[in-house]
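The next block holds one structure in the form of structure tokens; read it before the comments.
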Amino acid sequence: MDLPKRYDPAEAEPKWQKYWEENEVFSFDREDSQREVYSVDTPPPTVSGKMHLGHAFSYSQQDFMVRFHRMLGKNVFYPFGTDNNGVATERLIEKMKKVKAKKMGRSEFVKLCLETVKTELIPQYTSDMKRLGLSCDFSLFYDTIDEHSQKISQQSFIDLYKSGREYRKDAPTMWCPTCETGISQVECEDKELDSHFNDIVFKLIEDDGSETDVLIATTRPELLPACVAIFYHPDDTRYQKYNGKKAKVPLFNHEVVILPDKRADPEKGTGIVMCCTFGDQTDMEWQKAHDLPIKLAISADGKMTALAGKYEGMKISDARKAMIADMKETGLLVSQKPIKHAVNVHERCGTEVEFLKAKQWFIKYLDLKEEMIAWGKSLNWYPDHMRVRYDHWVNGLQWDWMISRQRYFGVPFPVWYCKECDEVIVADEKDLPVDPIKDKAPVDACPKCGSSEFVAEEDVMDTWATSSLTPQIAAGLVDHKGVYPMSLRPQAHDIITFWLFNTVVKSRLHNEVNPWKDVAISGHAQDPHGKKMSKSKGNVVEPQKMIAKYSSDALRFWAAGSKLGDDLPFQEKDLVTGAKFTTKLWNASKFCFMHLEDFDSSTVPKKLEIVDRWILSKLSRIIKDSTASFERYEYSKTKLDVEGFFWHDFCDDYLEIVKDRLYNPDRRGSDARLSGQYGLYHSLNAVLKMIAPIMPHISEEVYHLYYASQEEKKSIHISSWPSLDMPDEEAEKIGQVVIEAVEHARRAKSEKNVSLKTPIVQMFVKAKITPEEFDLVVDEIKAATKAEVIEFEQLGEESEASFGCEIEL
């Protein structure tokens, strides 16, 4: 057999990636209605130019799982999509092209986004994923902004609107001044910031017209122009006498009423608090409960409004400083206390969230919290503890899901409004997808008032309103009943509240089923010190460079080093280990194939030698354990077990012991050689197949050197997962004596600093096996150790030692 001298991953990996695509190795069989379908809700990454290490980490892990199920013979549905609508893409395009959406105009900016996404972002990103060895069916592709996705997203909106689950309301809304759009609760995160409690003087107006100072502590003095009331706790005796009285707001001098309310905290600040529209959710609750006026001091772009008087046009932070300075000067600021407090910020840009009044679309779901908990419990969580994050999120929900965004690039709402009465007109389903700004309303006259004039909705949907439909979007690419509900949702733990939760909600609201059976939650890739990677810290590792330096398989080998759900620090030495494994697998395979040229794989020897039975018994256990591990999505355990078996049991021990029978059939007999060939064939084949989901390229290369023709398969990845049921306790017990004897001989020669080929004059072996059993393997030990004479003594069961060996060189 003419075998290549070395394996070059830089040449082999692109070769096999091209081969897989050209031969449709990973294609979903749309016509097959017999095989079990294993369908995957592949995470559509937000394309940011090129794949980063976190993507390489988590997408490798999901690929391990999918490849395993494919080798079980399942009809795997594994599409690839990208998520390219909404604020993240808008900001990326603005940065890339050095433009501002608001200055370009909607149609031109949307056109620029679509062109950039299609011609620049998606091709590079898809190429990176293929180079990683992802086994998606890339012919099943979607982008969350394409017409197919828009149609399903708009259909979802119409269905939920008709079922009464969607409503439009002019209400206080969480708002990002930087992105200039409303945001939902899931897009906020807590960030601890330095601030001050400012004790400022309000002037209480007494019954006789005199004024008394009342101190109120606030971290947001810039909201003073929007102050509409003052509250104290009804049990707080310090302030009960102020009930119903009025006070003047510092700097602005308008009068506000003082009222009792249990939501005021006597222990916080001075125990009496101003209500502004709107500083936080409590302000909103107070405004609604007490029917207070609404005053807006902050504009959509984060600047002070005319309500702020001389501070109009200032940024929020600048207005805060200016007001504090003015109150100091006028004696209205009594003291300042530095504090650290958690502030809601927009997770996209880190800007502090404001609350503005605006018309927004919502999905009503706060009434379903008990059902949501039950939905989560009915999923299979891997690892199980990740469900706690889902439950915690549901229990903490305070808002309905706001799905409208004041941006340009996104899926349009299929909605028009009557210009006269504001009646909602939804698109005709047969016309989807629609863009109300370009398309005419589906009716000539308003069904409510008869007006023929309509106004298009200009807002777009929140990206998660579409991304939460990825199971339906992906399933809609094929006509196959077995795809949805899906088998698996793989994703990272940080978007359980974003993507997983909302997808469950949409699937339940539309179809009354969970969208998948299993959810596999991955952790994060970290820098070598366990820190988050970021360009600003200079600790970013580019996976493309690691692939070029080592290989895709080596990078995947590193990604398999952590359990599902665990974060993993990047250690380059792990890639070195992966590269060494590749080299060892290549060299061991070449040795095996050299001795398998004349082997008929359909042949089963009449008798297997003890050492061959030993390796096959050990292999049986590894296959059983690895199969069970993969079925629980514990790929890291399979990697660890197979790696250990290959290095130690197979290479270090078995190959060294079986060599003599393979090289010397005349001395040891042809039956003994055939037995060794049988052990080689099945052991190496099983190792290749068990490591194939993790290291797909080297396993494919080796498989095609020999096994592909034997099994008549075009790829190891659609060959059968190994199945071997040959547990043999007797062989393992006797075989272990052989292993220990050989190891003792090696150690003795190393200690004497002599060649391993140096003959041993005499060897004394003691073990808990019978002389008859030892006679079955004495020739193996002699051949492997170069021992001329071996004496054996059986140890009794009462002996504390299980093995003993003395060697005379």
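Looking at the square roots a ≥ b ≥ c of the eigenvalues of the Cα gyration tensor of the range 700-748, which shape do they give, rounded for a/c under 1.5, prolate if a/b is larger than b/c, or oblate?
Oblate.
At a threshold of 8 angstrom on Cα-Cα distance, excluding pairs fewer than six apart, so keeping six or more, what relative contact order does the range 1-143 reach in percent?
For the range 1-143, the relative contact order is 37 percent.
Would you kindly derive the ³J(HN,Hα) couplings of the range 237-247 from the backbone phi angles with the Karplus curve 6.51 cos²θ - 1.76 cosθ + 1.60 (θ = phi - 60°), listing them in order in whole Hz, with x for Gly and Pro?
Per-residue couplings from phi come out as 5, 5, 10, 4, 5, 8, 4, x, 7, 10, 9 Hz.
Leaving out ligands and nucleic acids, note down the accessible area per residue over the range 6-162 with a 1.4 angstrom probe, in whole Å².
Averaged over the residues of the range 6-162, the accessible area is 41 Å².
Towards the positive end of the charge dipole of the chain, with charges on Cβ (+1 Lys, Arg; -1 Asp, Glu), say which of TYR484, ASN587, PHE109 has the farthest Cα.
Ranked along the dipole, the leading option is PHE109.
How much of the accessible area of the chain, in percent, comes from carbon and sulfur atoms when a 1.4 Å probe is used?
The value for the chain is 47 percent carbon and sulfur by accessible area.
Which whole-number percentage describes the relative contact order of the chain, with Cα contacts under 8 Å and a sequence gap of 6 or more?
Dividing the mean separation by the residue count of the chain yields 14 percent.
Among the aspartates and glutamates, select those whose C-alpha is under 18 Å from the C-alpha of LYS535, and discard any that sit fewer than 8 residues away in the same chain.
Filter leaves GLU347, ASP527.
Provide the net charge surrounding VAL434, with neighbours chosen by a C-beta distance below 12 Å and charges set as Lys +1, Arg +1, Asp -1, Glu -1.
-3
Straight-line reach only, C-alpha to C-alpha below 15 angstrom: list the aspartates and glutamates that LYS752 could link to, leaving out same-chain residues fewer than 8 apart.
Straight-line reach from LYS752, under 15 Å: GLU743, GLU806, GLU808.
Once the other residues with Cβ under 12 Å from the Cβ of VAL460 are scored (Lys, Arg +1; Asp, Glu -1), what is the net sum?
-3
Using the structure shown, list the pairs from LYS580/LYS749; LYS618/LYS639; LYS111/LYS440 with a Cα-Cα distance above 23 Å, or answer none.
LYS580/LYS749
Under the rule a/c < 1.5 gives rounded, and otherwise a/b versus b/c splits prolate from oblate, where does the range 553-660 land using the Cα gyration tensor?
Taking the square roots of the gyration eigenvalues as a ≥ b ≥ c, the range 553-660 is prolate.
Using +1 at the C-beta of Lys and Arg and -1 at the C-beta of Asp and Glu, which of SER451, ALA474, ALA548 has the Cα lying farthest in the positive direction of the dipole of the chain?
SER451
Pairs LYS607/LYS768; LYS203/LYS246; LYS531/LYS563: which exceed 20 Å Cα-Cα?
Cα-Cα > 20 Å for LYS607/LYS768; rest within.
Going by a ≥ b ≥ c, the root eigenvalues of the Cα gyration tensor, does the range 265-355 fall in the rounded group (a/c under 1.5), the prolate group (a/b larger than b/c) or the oblate group?
Because its axes are fairly even, with a/c under 1.5, the range 265-355 counts as rounded.
Under a 1.4 angstrom probe, counting protein chains only, how are LEU72, LEU132 ranked by accessible area, largest first?
Correct descending sequence by accessible area is LEU72, LEU132.
Regarding the range 57-150, what are the three Cα extents along the principal axes, ordered largest first, in Å?
Cα extents, longest axis first: 55, 26, 19 Å.
If the cut-off is 20 Å between C-alpha atoms, which aspartates and glutamates fall inside it for LYS5, apart from same-chain ones fewer than 8 positions away?
GLU13, ASP553, GLU597, GLU700, GLU701
Determine the alpha carbon to alpha carbon distance for each of LYS268/LYS337; LYS191/LYS340; LYS303/LYS364; LYS118/LYS430 and list only those over 20 Å.
Beyond 20 Å between Cα atoms: LYS303/LYS364; LYS118/LYS430.
Can you compute log10 of I(q)/I(0) for the range 448-569 with the Debye formula, treating each Cα as one identical point scatterer, at q = 0.13 Å⁻¹?
The Debye formula, applied to the Cα set alone, gives -0.78.
Can you give me the C-alpha center-to-center distance between the range 220-242 and the range 782-799, rounded to a whole angstrom?
Value for the Cα centre distance between the two parts: 91 Å.
Within a Cβ distance under 9 Å of GLN17, other residues only, what is the Lys/Arg minus Asp/Glu net charge?
+2
Nearest 5 is fine: what % of DSSP beta bridges in the range 706-809 come out antiparallel, could you say?
For the range 706-809, the DSSP antiparallel bridge percentage is about 50.
Using DSSP, restrict attention to beta bridges with both residues in the chain and report what percent are antiparallel, rounded to the nearest 5.
Taking every DSSP beta bridge with both residues in the chain, the antiparallel ones total about 70 percent.
Could you please state, rounded to a whole Å, how far the C-alpha centre of the range 411-440 is from the C-alpha centre of the range 613-687?
Spelled out, the Cα-based centre of one part sits 66 Å from the other.
Which cysteines does the chain leave without a neighbouring Cys Cβ under 4.7 Å?
Result for the chain is CYS113, CYS136, CYS188, CYS227, CYS275, CYS276, CYS349, CYS592, CYS651, CYS805, no neighbouring Cys Cβ within the cutoff.
Residue farthest toward the positive end of the dipole of the chain, with Cβ of Lys/Arg at +1 and Asp/Glu at -1: which of ALA374, PRO605, TRP393?
Sorting the options by dipole projection puts first TRP393.
Calculate the radius of gyration of the Cα atoms of the range 1-140 to one decimal place, then report Dmax, the largest Cα-Cα distance, as a whole number, both in Å.
Cα-based Rg and Dmax for the range 1-140 come out at 18.7, 68 Å.
Mind sorting out which of (i) 46.0; (ii) 41.0; (iii) 37.0 is the real mean projected area of the Cα convex hull in nm² computed from the coordinates?
Correct label, based on the coordinates given: (i).
Sum -39500 (n - 2.57) across every DSSP H segment of at least 4 residues in the chain, then divide by the residue count to get the 222 nm mean residue ellipticity, nearest 500.
That comes out to -11500 deg cm²/dmol.
What percent does the relative contact order of the range 93-228 come to when contacts are Cα pairs within less than 8 Å and at least six residues apart?
Once normalised by length, the contact order is 9 percent.
The values are calculated or read from the model by the stated rules, or taken from the named source; none is laboratory data. Because the structure is a prediction, the values reported are computed rather than measured. For neighbour counting, all protein chains shown are included, and Cβ atoms are generated from backbone atoms with ideal geometry for every residue, glycine included. Accessible surface areas use protein heavy atoms only, side chains included; no ligands, DNA or RNA. Shrake-Rupley method; radii C 1.70, N 1.55, O 1.52, S 1.80 Å.
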